[in-house]
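The values are calculated or read from the model by the stated rules, or taken from the named source; none is laboratory data. All values derive from a computational prediction rather than experimental measurement. In this analysis, Cβ positions are derived from the backbone assuming ideal geometry, glycine residues included, and neighbour counts consider all displayed protein chains. Remember, those area values only see protein heavy atoms, side chains included, never the ligands or the DNA or RNA. Shrake-Rupley method; radii C 1.70, N 1.55, O 1.52, S 1.80 Å.
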Amino acid sequence: MQLYLSLAYKMNKPAIFFIFSILASFSHAIELDFCVGDPSLPRGPEGYACKNPATITTDDFVYTGFRGERTTTNIFRNNVTLAFANAFPALNGLGISMARLDFGIGGVIPLHSHRTSEVIIVNRGTIIAGFIDTSNTAYYKRLEVGDVMVFPQAMLHFQVNVGNTPATAFVSLNGANPGLQLTTPSLFAGNLPADIAEQITLLSHNEVMRLKRMFGTA
């Protein structure tokens, strides 16, 4: 601290403020061992408010939502189980989250993005996984059981089951609330008018209406 003070005296006021802001952030970072979130309260930019420590038990740090088999009967023949901070509040403030991806035969996780980076490991079956960068270069590869691939932050990415059996993969993301935006549903499953969707996708009116009917928004 004495070193910081001696440096601060030699600097202008903005520099002094910057240094002490850093010190304050370091101090805040070690005030709590953890902050199990309380989803019953509103979530702010930094996550949920902490649950009362007196009510925390070991069970708060255990997530059992990945157990069992999954049905894959939706339009994409997939089933996604998210372990984000709202479902697993112990992740609150830790900067990590997970998800389980189940694919029926021919199932896909369609093109989507997150606010974070992602790592995937294949647990069963064979998939093709990939992402597309901002120069429109696609990086994709066939992944077998035990293979791992990383998708850099905010890149559009996807997974496709190319095997003859169902497939399962697990992903980890470097954010407790990484967000999830599916590209196709974002365009056709929401309230975006069909004429605007046609203009920004170069699809015909019939194609746009077919997709909106598929998602029940026509």
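Numbers at a glance
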| quantity | calculated |
| --- | --- |
| Fraction of accessible area attributable to carbon and sulfur, the stretch 33-181 (%, probe 1.4 Å) | 56 percent |
| Rounded accessible area per residue of the stretch 102-218, 1.4 Å, Å² | 52 Å² |
| DSSP-loop GluC sites (Glu not before Pro) across the stretch 56-150, with at most 16 other Cβ within 10 angstrom | GLU69, GLU144 |
| Once the Cα gyration tensor of the stretch 95-201 is diagonalised, semi-axes √(5λ) in Å | 24, 17, 13 |
| Estimated dipole of the chain in Debye, rounded to 20 [Cβ of Lys and Arg +1, of Asp and Glu -1, Cα centre] | 220 debye |
| Contact order normalised by residue count of the chain, Cα under 8 Å, 6+ apart, percent | 18 percent |
| Cα-based helix-to-principal-axis angle, 13-29 vs the chain, degrees rounded to 10 | 70 degrees |
| Per principal axis, descending, Cα span of the chain in whole Å | 68, 45, 35 |
| Positive-end residue of GLY163, THR201, ASN92, charge dipole of the chain with Cβ unit charges | THR201 |
| Calculated from backbone phi, Karplus (6.51, -1.76, 1.60) coupling profile of the stretch 102-115 in Hz, x at Gly/Pro | 10, 10, x, 4, x, x, 9, 9, x, 3, 7, 8, 10, 7 |
